[in-house]
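Let me begin by presenting the structure, written as structure tokens, before commenting on it.
The values are calculated or read from the model by the stated rules, or taken from the named source; none is laboratory data. Because the structure is a prediction, the values reported are computed rather than measured. Using ideal geometry, Cβ is built from the backbone for each residue, glycine included, and neighbour counts are taken over all protein chains shown. These accessible areas exclude ligands, DNA and RNA; they are computed on the full protein's heavy atoms, side chains included. Shrake-Rupley method; radii C 1.70, N 1.55, O 1.52, S 1.80 Å.
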Amino acid sequence: MKKFFKKIFFIGLICFVLIQFYQPARNTDNGQVLPIHFTKVYDVPPKVQNVLQNSCYDCHSNNTNYRWYDYIQPARSFVESHIKNAKEDLNFSEWGNYGRRRQTAKLDRMIKQIKANEMPLKSYTLIHSSAKLDSVDKEQLLNWLNGELNKQKNGDD
């Protein structure tokens, strides 16, 4: 019986080592901020920009700040899948490519999700505690987003 468990452990260890060789492409644009980036389209105050950087950009931009554990499989594949799905919903790096109606809808959805405490995701803040929005950050972010949403709805630039 001991030999059986040793074989299973050894096979599991070999599989674990082998899957480490599969490393999906990283989500990084080497820190480039293109003119279509959210912060180039809007005049984002530094405090709001900091909140977005800490709480949103890892999943919702083309530049993820990876931690050491993000390089270990199978977590790596999970992280990349999560980022891919998040960027399909909202990508701050590609904001300028969205039409005005889509930008307005995205701003509205961001506000609703932040108010409902749906973003940032609990599964993300569990590991990345610095991404949690405290009441001051949340209020600043929501006030600014609401202001931009109102400007867009009224046709102001």
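Going by what's in this entry, would VAL17 be described as open to solvent by 30 Å² or more (accessible area, probe 1.4 Å) and β-branched (Val, Ile, Thr)? Criteria met by VAL17. Taking the criterion of being open to solvent by less than 20 Å² (accessible area, probe 1.4 Å) and either over 18 Å from LYS122 (Cα atoms) or out of contact with any Ser or Thr (no Cβ under 9 Å at 6 or more places or on another chain) (or both), the residues of segment 46-58 that qualify are VAL48, VAL51. In segment 34-82, the residue that is nearest to SER129 (Cα to Cα) out of those that are touching a residue at least 40 places away in the same chain (Cβ under 8 Å) and of a type in the set (Val, Ile, Thr) is VAL51.
To keep it simple, each residue is scored yes or no on (1) open to solvent by less than 60 Å² (accessible area, probe 1.4 Å); (2) not in a helix (DSSP H, G or I).
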residue: ASP70; (1), (2): yes, no
residue: GLN73; (1), (2): yes, yes
residue: LYS84; (1), (2): no, no
residue: SER93; (1), (2): yes, no
residue: THR104; (1), (2): yes, no
residue: ASN117; (1), (2): no, yes
residue: TYR124; (1), (2): yes, no
residue: LEU145; (1), (2): yes, no
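Going through (1) within 30 Å of GLN20 (Cβ to Cβ); (2) open to solvent by 60 Å² or more (accessible area, probe 1.4 Å); (3) under 15 Å from the mean Cα position of the chain (by Cα) one by one, ASN63 falls short only on (2).
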